[in-house]
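The values are calculated or read from the model by the stated rules, or taken from the named source; none is laboratory data. The structure displayed is predicted, hence computed values, not measured ones. Neighbour counts are summed over all protein chains in view; Cβ atoms, including those assigned to glycine, are modelled from backbone coordinates with ideal geometry. These accessible areas exclude ligands, DNA and RNA; they are computed on the full protein's heavy atoms, side chains included. Shrake-Rupley method; radii C 1.70, N 1.55, O 1.52, S 1.80 Å.
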Amino acid sequence: MKIDKNQLLRFTTAGSVDDGKSTLIGRLLYDSKSIFEDQLAAVKNSSKQKGIEGVDLAMFTDGLKDEREQGITIDVAYRYFTTPKRKFIIADTPGHIQYTRNMVTGASTANAAVVLIDARHGVIEQTKRHTFIASLLNIPHIIVCVNKMDLVSYSEETFNSIVEQFEEFSSKLLIKDVRYIPISALDGDNVVNRSENMTWFQGSPMLHELETLHISSDINKIDARFPVQTVLRPQRKGFEDYRGYAGRIASGIYRVNEEVAILPSGFTSKIKTINVGETEVEEAFAPMSVAITLEDDVDISRGDMIVKKNNQPKLSQEFDVMLCWLNNAPLKSRTKYTIMHTSNEQKAVIKEVVYKVDVNTFKRNEEDKDLTMNDIARVKLKTSHRLMIDSYRDNRSTGSIILVDESTKETVAAGMIV
Amino acid sequence: MSTYYLNYLEELESEAIFILREVWGQFQNPVILFSGGKDSILITHLAKKAFHPAKIPFALMHVDTGHNFPEAIQFRDDLAKQLGVNLIVGSVQESIDKGRVTEEKGKNATRNALQITTLLDSLEEHKVDCAIGGGRRDEEKARAKERFFSHRDEFGQWDPKNQRPELWNLLNGKYFEGEHFRAFPISNWTEMDVWNYLTKEKIEIPSLYLAHQRDVVKRNGSWIPNSEFLKLEPNEEIVSKKIRFRTLGDITITGGIESDADTMEKIVEEVSTMRETERGNRSDDKRSETAMEDRKKDGYF
C-alpha cells in the first residue's frame with residue numbers, strides 16, 4: 001500500500017475493564033483487514049479451546065501468558081494498522097485501576113483518546129477517572145464511543161442521555177475536541193462500517209473520524225525548543241572543525257541564519273547549517289531529528305537547549321507540577337530524586353505536596369499529603385540547577401518530567417509542569 | 001515544506017534517530033545486535049544518519065549460531081568494513097565446545113535457544129550496557145509489549161509485568177552494575193514500513209530477500225533451503241524453486257516463500273498483499289503459543 005504522504009496518528013484506548021476495549025481493537029484490526037491469516041487461525045484455535053463460538057476478538061491483543069489466562073490486559077501493548085489514508089499506532093492500555101500508570105504511559109504521546117462507555121451503565125467513575133487523566137495529559141482529541149448499543153436496542157435516547165452525562169462532567173475539564181459515536185464493537189456497528197441498526201446517527205463511524213482528525217497542529221510550531229542530545233565531533237578528514245549539535249526538535253521551526261540563544265549559559269549565535277543525516281536543509285521543524293551547527297564556537301553539551309533569541313522558556317529552579325505517582329514505593333519526603341527533563345538531568349526534591357486530586361470527583365484534598373501508587377497531586381519541586389521549562393499546556397515536550405529513585409533506578413513519578 | 005508536518009516514514013525515522021542518540025547519550029558501551037537481516041541493516045543505516053558526519057559510535061555484535069546463510073555473513077563483514085566499525089562475533093559453536101550449552105537433539109533441533117547463553121556471555125565479556133536490537137512490536141505478540149528502553153536484570157531476564165513506565169520522550173536508562181538494557185529504536189515500524197523505507201532510501205540488502213531459483217525441501221509447510229546442515233528425511237526430496245526469504249534466521253529453520261519478487265519494488269508490492277505474518281515461516285515461534293515470551297524472559301532479544 002502506497003501511503004507516502006500520509007501522517008501517523010497515535011491513539012490510546014480508555015475505559016473500564018469490561019467495556020470491551022480489546023474487542024474494539026480486535027474489531028478495528030479485523031474489519032480493516034489488518035489481521036493475517038496465521039494470526040486468525042491461532043486465535044480461532046484458542047477461542048475454540050476456551051469454548052467460544054467463532055472468534056474472540058479480544059484475543060488479538062492480549063499477548064502475555066498471564067493476560068490470556070486471566071482474560072485481562074496487564075501492560076500497554078502497541079498495535080499497528082494502516083488504511084489508504086493513515087498509519088495508526090494504538091496504545092492498548094489496561095482498564096484495571098492498579099495499572100493506571102500504564103494508562104498514563106500509553107496516553108502521554110497520543111493525539112487522540114478513545115473513551116469507551118458501556119451503554120448499559122453510562123458514565124461511571126472509571127470513565128471520569130480516565131477522561132480526567134486524558135485531559136491532564138492534554139490529549140488533543142477525545143472520541144467517546146458508547147459501546148454495546150446492541151444490548152440497549154440501539155436506543156437513540158440512551159445514547160443522548162450518556163452524551164449529556166459526559167458533557168456535564170467534562171465541562172469542568174480542559175478538553176478541546178470531543179466527538180461521540182454509538183457503536184457495537186462485538187458486531188462492528190459504526191466501527192469501520194456504518195451501522196444499519198442506528199440510522200438515526202448522523203455522524204461518521206469511528207475509523208473515519210480517526211482518519212480525518214486534524215493533527216498537524218497538535219505539535220507546538222510557535223515556540224522553538226531544541227534540546228541537545230549529543231555533540232557530534234567527527235575525527236575525520238574534511239570535518240576537522242565540525243561541531244554538530246544533535247537532537248530532536250521539541251517544538252517550533254528553525255532556519256539557517258537565525259539568531260539563537262544557548263541555555264542555560266545565555267550565549268548567542270547564529271545557525272550555520274541544519275542537517276538531516278547527510279542532507280543539508282534550509283529549515284527544520286518539530287518533531288524532526290537534526291544536527292545543527294553554529295557560527296560561533298560555544299561550549300554546548302547534552303542537556304543544553306538551543307532556542308530563538310526572542311522566544312525563550314523560563315529558567316527556573318522551583319516550580320509546580322501535577323505529579324502522577326507510578327511506583328509501589330510511596331513518596332519519601334526529603335529524598336533526592338533524579339529529575340529527567342528533555343535531555344537534561346538534575347537532582348530534585350519535593351518541597352511540598354500542595355493538594356491531592358480525587359480522580360473520581362476532581363476534588364482537591366489539602367489534608368492528605370501521602371503519595372502512593374496511582375495518586376495524582378500538585379507538588380512544589382526544587383531542582384539542583386535551573387531547568388529550561390514551559391508549561392505543559394503550552395508544550396508537551398518541554399513541560400513534562402519524570403522522577404527516578406536512585407536507590408532502585410526506577411521511574412517513580414511523571415509530572416506536568418503547571 | 002510549507003505545511004510543516006512529517007509523513008509517517010519521516011516521523012518513524014526521526015523517532016528511531018532520537019532513540020539511537022539517546023542510547024549514546026545515556027550508556028557507556030552500547031552495541032548494535034547485527035544479524036545481517038533487514039531490520040539490523042535498517043538500524044545500522046539509521047545510526048549512520050543519526051551520527052553523520054561522525055562515524056557510527058557503536059560496535060556491531062553478531063551472535064553467530066554457526067548455521068548461517070553464507071551470504072549473510074559476507075554481507076555482515078563487508079558492511080562493518082565499509083562503515084569502519086568494530087565487529088564482535090559471539091559464537092554458539094564455541095559455547096557448545098566449552099560446554100556452556102548442549103545442542104538440542106531430534107528432528108526439529110535448532111540452535112535458536114542456545115543463542116541466549118552466547119548473547120549474554122558476549123554482552124558480559126565486552127561489558128556492554130545496552131544492546132540495540134531491530135525488534136519490532138508488530139512481529140510477535142510478546143514483542144508488542146516491549147518498551148524502547150527495556151531493562152534486563154543481572155541474569156539477563158525480561159520481566160514483562162514490571163517494566164518501567166515510558167512517558168513522552170523521557171527514557172530512563174539507569175541500571176545497577178551487572179544489569180543491562182536492550183533498546184529497540186524501530187519498535188513502531190511494521191514489516192511494510194521497513195520495506196517502504198529500504199526501497200525509498202535505496203539501502204542494500206542481502207539478495208536472499210530477492211526471489212531466485214534455489215534448492216529447497218518442503219518441511220512443516222515451509223521451503224527450507226538446502227545446506228550442509230540439512231539432514232533429509234526418507235520421504236523428503238530436494239527440489240528447485242523460485243524462492244525468497246521474508247526473514248533471515250538460522251538457515252536450518254528459516255522457511256522461504258515461493259515468489260517472483262526479484263526487485264525491492266516488487267517486494268513492496270508483494271508484502272502489501274501478504275496474508276500471513278512474516279514469522280509464520282519460523283519454526284522457532286511455532287513451538288508453543290508463548291514461545292517468544294518464554295525466550296525473551298530468559299534473555300533472548
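Surface listing: A:Thr268, A:Thr93, A:Thr273, B:Thr273 arranged by accessible area from highest to lowest gives B:Thr273, A:Thr268, A:Thr273, A:Thr93, probe 1.4 Å.
Between rounded, prolate and oblate, where does segment A:8-218 land on the alpha carbon gyration tensor, with a ≥ b ≥ c its root eigenvalues, rounded for a/c under 1.5, else prolate if a/b exceeds b/c? Rounded.
Within the protein assembly as shown, DSSP assigns beta bridges of which about 70% are antiparallel (rounded to the nearest 5). Chain B against chain A buries an accessible area of about 6900 Å², both chains summed, 1.4 Å probe radius. Coupling constants for segment A:359-368 follow from the phi torsions by the Karplus curve (6.51 cos²θ - 1.76 cosθ + 1.60, θ = phi - 60°), and in residue order they are 6, 8, 10, 6, 6, 8, 10, 9, 8, 6 Hz; glycine and proline get x. The simple spin-label model puts a point 7 Å past each Cα toward its Cβ; for B:Glu154 and A:Leu173 those points are separated by 4.4 nm. For chain A, the Stokes-Einstein estimate of translational diffusion at 10 °C and a viscosity of 1.306 mPa s comes to 68 µm²/s, using the Kirkwood hydrodynamic radius over alpha-carbon pairs. Each other residue within a Cβ distance under 10 Å of A:Phe201 adds +1 if Lys or Arg and -1 if Asp or Glu, for a net charge of -1. Summarise the long-distance tail of P(r) for the protein assembly as shown by giving the % of C-alpha pairs beyond 50 Å. So the pairs more than 50 Å apart make up 13 percent of the total in the protein assembly as shown.
If you take the Cα centroid of segment A:142-174 and the Cα centroid of segment B:182-246, the two points sit 50 Å apart.
Sequence-ordered 3J(HN,Hα) estimates for segment A:79-92 from the Karplus curve with 6.51, -1.76 and 1.60 and θ = phi - 60° stand at 10, 10, 8, 10, 10, x, 9, 7, 9, 10, 10, 9, 9, 8 Hz, glycine and proline given as x. Expressed as a rounded percentage, what relative contact order does chain A have, with Cα pairs under 8 Å and six or more residues apart? Dividing the mean separation by the residue count of chain A yields 12 percent. Between the residues A:Pro94, A:Thr408, A:Gly188, the greatest Cα displacement towards the positive end of the dipole of chain A, with unit charges on the Cβ of Lys, Arg, Asp and Glu, is found for A:Thr408.
Each of B:Pro57, B:Gln163, B:Leu120 was placed along the dipole of chain B (beta-carbon charges, centred on the mean Cα), and the one lying farthest toward the positive end is B:Gln163.
Across segment B:13-18, coupling constants 3J(HN,Hα) worked out from phi with the 6.51/-1.76/1.60 Karplus curve, θ = phi - 60°, read 4, 4, 5, 5, 5, 4 Hz, and Gly and Pro carry x. A cut-off of 5 Å between modelled amide H atoms, ignoring neighbours fewer than 5 places along the same chain, links A:Val114 with A:Thr12, A:Thr13, A:Ala14, A:Ile143.
Contact with the other protein chains removes 30 Å² or more of accessible area, compared with the isolated chain and a 1.4 Å probe, from these residues of segment B:113-149: B:Arg137, B:Lys141, B:Ala144, B:Lys145, B:Arg147.
Given in Å, the Rg to one decimal and the Dmax to the nearest whole number for the Cα atoms of segment B:107-194 are 14.1, 47.
The long axis of helix A:21-31 is offset from the longest Cα principal axis of chain A by roughly 90 degrees. The accessible area of A:Met288, taken with all protein chains in place and a 1.4 Å probe, comes to roughly 20 Å².
Under 27 Å of direct C-alpha separation, and excluding same-chain neighbours fewer than eight residues apart, A:Lys369 reaches these lysines: A:Lys128, A:Lys172, A:Lys332, A:Lys336, A:Lys347, A:Lys351, A:Lys356, A:Lys380, A:Lys382, A:Lys409. What angle, in degrees between 0 and 90 and rounded to the nearest 10, separates the Cα long axis of helix A:156-170 from the longest principal axis of the Cα atoms of chain A? That works out to roughly 30 degrees.
Here B:Lys218 is the anchor, and the aspartates and glutamates within straight C-alpha reach of less than 13 Å, apart from those fewer than 8 places off in the same chain, are B:Glu233, B:Glu236, B:Glu237, B:Glu258.
Per-residue SASA remark: B:Val101, around 20 Å² accessible (1.4 Å probe; ligands, DNA and RNA not included).
Can you send over the solvent-accessible area of B:Lys55, 1.4 Å probe, protein chains only, in Å² to the nearest 10? Accessible surface of B:Lys55 is approximately 120 Å². All alpha carbon pair distances within chain B were sorted into 20 Å bins beginning at 0; the resulting P(r) in whole percents reads 33, 60, 7, 0. Burial annotation for segment B:28-60: residues with an accessible-area loss of at least 30 Å² between the isolated chain and the complete set of protein chains, computed on heavy atoms with a 1.4 Å probe, are B:Lys49, B:His52, B:Pro53, B:Ala54. This model, with +1 at the C-beta of Lys and Arg and -1 at the C-beta of Asp and Glu, gives chain B a dipole about its Cα centre of some 140 debye. For chain A, the solvent-accessible area works out to 41 Å² per residue, with a probe of 1.4 Å and every protein chain left in place. For segment A:186-235, a reduction of at least 40 Å² in accessible area between the chain on its own and the assembled protein chains (probe 1.4 Å) is found at A:Gln229, A:Thr230, A:Leu232. A full extension of the chain between B:His212 and B:His126 corresponds to an added length of 27.1 nm, given 0.36 nm per residue minus the alpha carbon distance. Dipole check for chain A: with +1 at the C-beta of Lys and Arg, -1 at the C-beta of Asp and Glu, and the Cα centre as origin, the magnitude is about 980 Debye.
Rounded to the nearest 5, the antiparallel percentage of DSSP beta bridges internal to chain A is 75%.
The listed peptides A:103-116, B:112-125, A:381-394, ordered by packing as a protection proxy, come out as A:103-116, B:112-125, A:381-394 (highest mean of other Cβ atoms within 10 Å first). The residues of chain B expose on average 40 square angstrom of accessible surface per residue, using a 1.4 Å probe on protein heavy atoms.
In chain B, the DSSP beta bridges split such that about 60 percent are antiparallel, to the nearest 5. For the protein assembly as shown, the dipole from Cβ point charges (+1 on Lys and Arg, -1 on Asp and Glu) about the Cα centre works out to 1020 debye, to the nearest 20.
Full extension of the segment from A:Ser161 to A:Phe267, taken as 0.36 nm per residue of separation minus the current Cα-Cα distance, would add 32.3 nm. Surface composition of the protein assembly as shown: carbon and sulfur atoms hold 46% of the protein heavy-atom accessible area at a 1.4 Å probe.
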